[in-house]
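Notes follow the structure.
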Amino acid sequence: MITARGLTRRFGQRMAVEGLDLDVAKGEVFGFLGPNGAGKTTTVRMLAALIAPTSGEATVAGVRLGTDNQAIRSKVGVLTEAPGLYKRLSAFDNLVFFARLQGERDPRAVAEKYLRLFGLWERRGDAAGSLSKGMRQKLAIARALLHEPQVIFLDEPTAGLDPEAARSVRELIEALRSRDRTIFLCTHNLAEADRLCDRIALFKTRLVTLGQPEALREARYGRRTLVRLARPMPGIGQALELPFIRSIESKDGELVVSLKDPAAENPSLVRRLVELGAEIQSVEELRVPLEEMYLDLMEGEDETD
Amino acid sequence: MRRISALLRKEWRESLRNKMVLFGVAVLPLLLVGMAIYMMKTEAGLDDPVGEAVLFNTSLMYFLLLPAVIPLAIAVYSIVGEKEQSTLEPLLATPLTDIELFLGKALASVIPALLVNWASFGLFLIATLVVVGGIPLTALTPPWLAAIFGLSPLLALFSVGVTMVISSRASDARAAYQFSSFAILPAIIPLIVYSTRRTLVSVGLVALQGGILAVACAAILFFAVRVFRREQILTRWK
């Protein structure tokens with residue numbers, strides 16, 4: 001649904017996006033992560049046919065960038081970082097206006113459908129500027145969706161929302177995924193990206209890494225099992241002598257065992273520990289938070305710079 | 001056409017809810033008409049038909065100034081307001097083309113400016129009739145009517161063209177407001193010529209002014225359409 005090859009954008013001497021290559025499949029939730037000023041917004045603006053790349057090419061929803069940008073803009077929905085609503089106009093008038101621009105045959109019916117869907121129908125006559133932050137964000141998302149776009153660019157969709165509103169936005173993203181929409185999600189909320197995204201790209205002017213969150217973790221840290229013992233047993237790590245163990249760290253009654261396939265190998269590991277007299281308190285697979293991996297990778301990127 | 005019409009409706013809805021814009025559009029015409037009527041009434045008491053006609057002529061000049069001034073308030077806000085509310089990017093992310101955006105924004109300023117100008121002119125004539133007791137027909141000549149009805153659209157278009165160029169190129173709202181005042185120059189220069197009585201308002205003079213304005217309008221609109229690019233607007237505004 002989105003392909004980019006060597007997509008590059010310069011602003012004068014400053015390189016904003018350098019040689020971006022990516023493929024995003026139909027129905028995929030794709031996380032685009034990076035620090036402020038990394039070029040995420042510039043990338044979204046290029047892919048949404050708002051600004052032209054300096055070099056490289058991209059195809060969005062089957063249309064090559066630069067050939068028919070108007071067609072691209074009718075096939076994508078964009079949620080910008082700020083909701084960007086006409087504050088003096090009512091919620092209803094905001095949606096009717098954008099439905100008209102998108103060429104909807106019955107803009108008022110479309111506006112009503114989305115206001116009801118997002119639970120804003122009762123507030124339809126209120127000026128957008130008088131709505132709560134969560135409501136404004138919902139209205140902005142409704143605006144991005146009302147023409148049923150194939151590709152949806154969401155820039156920080158839950159930023160500044162209270163937990164309840166943020167959860168309803170996440171649920172909406174999951175619902176969109178189930179309706180085969182392609183979602184390009186820019187976020188600083190790494191837990192959210194971890195939870196929602198099929199794949200993530202870490203980006204800082206250029207692509208740092210790309211893949212499924214779990215696969216990226218595994219490639220960088222391997223898969224590890226944490227075993228908590230009731231009491232410390234010095235030397236037990238060396239005594240295990242199991243062929244599938246890649247490495248083992250032992251500290252204060254905790255063993256961190258690096259394995260290839262924890263689901264298959266954990267039972268043998270536990271059996272062996274019990275044979276050696278260990279009293280096991282708990283066994284769990286260690287999952288490195290995406291945040292830790294992000295910080296590691298970005299730190300490495302800073303050193304490269 | 002549907003998208004331009006949608007943009008026009010949105011612009012007018014917003015303007016009607018914006019006190020600053022409403023103030024800018026309504027106050028100056030009312031002030032000028034009120035001032036003109038006051039002067040005419042004062043003069044009428046002196047029983048001086050010539051002085052009355054001169055005053056009437058002077059008042060008519062206001063209706064060549066208004067079409068250049070009124071659109072400024074709407075046009076500058078029309079781009080500045082989008083940026084200030086962060087609505088520009090969502091708007092530019094729709095299938096609206098650059099030329100549709102330009103035309104929608106320009107017409108949203110030109111149409112009300114002309115309507116307000118001509119309505120103010122009508123109000124002035126009625127008020128003159130009621131307050132002074134008659135319209136000095138020797139002063140309300142066909143060249144003046146041609147100027148008010150023929151030159152107004154050109155003055156408004158030029159004003160909007162300049163404002164749109166400045167608004168799309170300027171890096172901030174304040175600069176856009178300041179530089180846009182240059183847009184009223186084509187309205188001021190002929191007024192200076194008329195008011196110094198160096199020449200009479202004649203059909204030839206109005207035609208000459210119209211011709212120059214038409215060329216200037218064509219040039220500024222051609223330039224405006226070329227520079228009014230979504231990428232420029234999106235990346236230049238801070």
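What follows is calculated from the coordinates using simple rules that are stated; it is not laboratory data. Just so we're clear, the structure is a prediction, and the values are computed from it rather than from any experiment. Counting neighbours? That spans all protein chains shown, and the Cβs are built from the backbone with ideal geometry, glycine included.
Quick look at the values:
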item: Choice from A:VAL288, A:VAL60, A:VAL270 with maximal GNM fluctuation in chain A (Cα, 10 Å cutoff); result: A:VAL270
item: For B:MET39, A:MET1, order by how many other beta-carbon atoms lie within 10 Å, fewest first; result: B:MET39, A:MET1
item: Potential extension, B:VAL54-B:LEU16 segment - 0.36 nm per residue separation minus Cα distance; result: 10.0 nm
item: Charged-residue dipole, Cβ positions (Lys, Arg, Asp, Glu), chain A about Cα centre, Debye nearest 20; result: 1320
item: Between 0 and 90°, nearest 10: helix A:163-178 axis offset from chain A longest Cα axis; result: 80
item: Entries in B:LYS10/B:LYS105; A:LYS113/A:LYS138; A:LYS87/A:LYS113 that, when Cα-Cα distance is taken, lie over 18 Å; result: A:LYS87/A:LYS113
item: Cα long-axis angle, helix A:262-275 against chain A (0 to 90 degrees, to the nearest 10); result: 30
item: Zone of B:MET35's modelled label, taken as backbone nitrogen in segment B:107-135 under 17 Å from a point 7 Å along Cα→Cβ; result: B:117, B:120-121, B:124-125
item: Per-residue average of Cβ from other chains inside 10 Å of A:66-75; result: 2
item: Residue of A:MET293, A:MET46, A:MET233 that the Gaussian network model of chain A assigns the largest fluctuation, springs spanning Cα pairs under 10 Å; result: A:MET233
item: 222 nm mean residue ellipticity, helices alone, for chain A (DSSP H n ≥ 4; -39,500 (n - 2.57); rounded to 500); result: -11500 deg cm²/dmol
item: Chain B: angle of helix B:185-195 to the longest principal axis, Cα-based, in degrees nearest 10; result: 10
item: Residue-wise HN-Hα coupling along segment A:15-22, computed from phi with Karplus coefficients 6.51, -1.76, 1.60 (Hz; x: Gly, Pro); result: 8, 9, 9, 10, x, 7, 10, 7
item: Residue with peak Gaussian network fluctuation, chain A [Cα springs, cutoff 10 Å], from A:LYS113, A:LYS204, A:LYS75; result: A:LYS113
item: Likely footprinting exposure, A:GLU218, B:GLU82, A:GLU18, A:GLU164, fewest C-beta neighbours within 10 Å first; result: A:GLU164, A:GLU218, A:GLU18, B:GLU82
item: Sites B:ILE212 and A:PHE11 - FRET efficiency at Förster radius 41 Å, r taken between beta-carbons, to 0.05; result: 0.55
item: Partner chain coverage, peptide B:90-103 - average Cβ within 10 angstrom; result: 6
item: Cα convex hull volume per residue for segment B:2-236 (Å³); result: 120
item: Leading residue at positive end of dipole, the protein assembly as shown (Cβ point charges), from A:THR80, A:VAL24, B:VAL227; result: B:VAL227
item: Size-normalised alpha-carbon gyration radius of chain A, reference 2.2 N^0.38 Å; result: 1.24
item: Electrostatic dipole magnitude of segment A:91-206 [Cβ: Lys, Arg +1; Asp, Glu -1; Cα centre; debye, to 20]; result: 180
item: Shape of the protein assembly as shown, Cα gyration tensor, a/c cut at 1.5; result: prolate
item: Check: segment A:33-118 dipole with +1 on Lys, Arg Cβ and -1 on Asp, Glu Cβ, in debye; result: 160
item: Fraction in percent of alpha-carbon pairs per bin - 10 Å, segment A:221-290; result: 21, 61, 17, 1
item: Per-pair calculated FRET efficiency, R0 = 25 Å: A:ALA175 and A:ARG124 via Cβ, rounded to 0.05; result: 0.70
